[in-house]
Structures are given as C-alpha cells and as structure tokens.
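**Student:** One structure follows; several queries about it will come next.
The values are calculated or read from the model by the stated rules, or taken from the named source; none is laboratory data. This one's a predicted model, so the numbers in the text were calculated from it and none came from an experiment. Quick reminder, even Gly has a Cβ in these numbers, built from the backbone with ideal geometry, and neighbours come from all protein chains shown. Note: areas computed on protein heavy atoms with side chains; ligands, DNA, RNA excluded. Shrake-Rupley method; radii C 1.70, N 1.55, O 1.52, S 1.80 Å.
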Amino acid sequence: MKKIFIIATVLLSLCSCQSSQSEQPTKPPMTPTKESSPGEEEMSFPKTVEEYLGTKTISAIRKAESGESVKVGSRKSNSGSLLAGYPILAKGKDLSKEQVESLKKLLLDPNSYIFPSAKKVMIAPKYGITLGDVIVLIDSSNLLISVPSDGKSKIEDYDPIKLKVQTLLNELF
C-alpha cells in the first residue's frame, strides 16, 4: 500500500511540473521594441560646432580680441576668486593676438572635437582661458574642454587638437 501511495505522489508531482512549465509566459524579445525603456533618458550628443557652442557663444568667440589665462582648481568652490565656479590658483600670461586667433580657429573648427561621443569621466579642469566674454576650461589629463554658457557646462573631447592645445598651454604657463 505504501508503494502505491509513493508512486501516485511521484506521478502527480511530475504531471504538475510539466503543466506548470507549459503555462509559463513567453519571454520578451532580446531587443527592445521601444527606442528607450521607461525611466531611461535618451542621451544626446552634439553633432556640430553650432549644436555644441550655440550661435551666441560662436558670435562671442568671433568678436573676441583678447584673452587671459589662469590655473584653476579641479573642483568647484563657493569662495575666493572663481572662474566658472572653479577656484583661480594662479594667473598665467595674457594671450597674444596670434594666440587669440589660433584659439578662435581651434574652437570653431568641427575637426577639433569628436562628435557625437563622450568619455565616461568627469571634467577636472586645470586651466582656464577667458577669450573676450567666453570662458574655456581645459582638462589636459582627460583631454576635455568645456565652454560654459547659459548656465550649462558644455563639455567635449579635444583629442584631435591635443598637441596644439598643449603647445598653447606650454606657452602660457
């Protein structure tokens, strides 16, 4: 009698397992059908200099006739002399007319940047340059450049012009 009870229990368990497996919902496809999942923000990167800098900043760069350089702390601060929120550590040289023109060309050249991508590091600028009314922050370690405007920190990779930027920095500091 015990044997019949055990066999019946095993058979019922097997039948139960098979029916529950066939009732499982189908898995969703591996690739999402929507462009972005709920809660995910779609990342957008500038594709042109105009998208990156904006027409107002481009106009200000073109009008710039002078420039000053400073070394800045890599973390923002709320006190002391600041450039775009970064503490000014030391004054560098003023830019010559040739250096101003060279920097203007570099900033406005679409080949100076890597569009549309981004490095997965935070900017930690070491240098700042005021070019007329425009502020340029340079992170020479990560090859990032920021041109803050309209309350936004616009950051791009400057890998294609790293030697030109390093030469300029060497001349200024």
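**Student:** With basic (Lys, Arg) and either modelled with pLDDT under 95 or under 14 Å from Tyr158 (Cα atoms) (or both) as the only criterion, which of Lys97, Lys126, Lys120, Lys93 stands out?
**Tutor:** Every option except Lys120 fails the conditions.
**Student:** Would you point out which residue out of Leu168, Leu103 is touching a strand residue (DSSP E or B) at 6+ places or on another chain (Cβ under 9 Å) and under 15 Å from Val49 (Cβ atoms)?
**Tutor:** Numbers: Leu168 fails: under 15 Å from Val49 (Cβ atoms).
Answer to the selection: Leu103.
**Student:** While we're here: Which numbered condition trips up Leu143, out of (1) crowded, with 18+ Cβ neighbours inside 10 Å; (2) among the hydrophobic types (A, V, I, L, M, F, W, C); (3) free of Cβ contacts under 8 Å to residues at least 60 places away in the same chain; (4) in contact with a Gly (Cβ under 7 Å, 6 or more places away or on another chain)?
**Tutor:** (4)
**Student:** Can you confirm whether segment 42-65 contains a residue that is within 20 Å of the chain's Cα centre (by Cα), assigned to a strand (DSSP E or B) and at pLDDT 90 or above?
**Tutor:** The answer is no; no qualifying residue exists.
**Student:** Given the criteria part of a strand (DSSP E or B), under 21 Å from Arg62 (Cβ atoms) and not aromatic (Phe, Trp, Tyr), does Leu137 qualify?
**Tutor:** Yes; evaluated as a whole, the condition is true for this residue.
**Student:** Moving to a separate point now. Name the single residue that is farthest from Ile145 (Cα to Cα) among those in segment 76-113 being open to solvent by less than 60 Å² (accessible area, probe 1.4 Å) and assigned to a loop (DSSP other than H, G, I, E, B).
**Tutor:** If we take residues in segment 76-113 being open to solvent by less than 60 Å² (accessible area, probe 1.4 Å) and assigned to a loop (DSSP other than H, G, I, E, B), then Ser96 is farthest from Ile145 (Cα to Cα).
**Student:** Within segment 148-163, is even one residue open to solvent by 40 Å² or more (accessible area, probe 1.4 Å), in a loop (DSSP other than H, G, I, E, B), hydroxyl-bearing (Ser, Thr, Tyr) and farther than 16 Å from Ala64 by Cβ?
**Tutor:** Checked segment 148-163: at least one residue is open to solvent by 40 Å² or more (accessible area, probe 1.4 Å), in a loop (DSSP other than H, G, I, E, B), hydroxyl-bearing (Ser, Thr, Tyr) and farther than 16 Å from Ala64 by Cβ.
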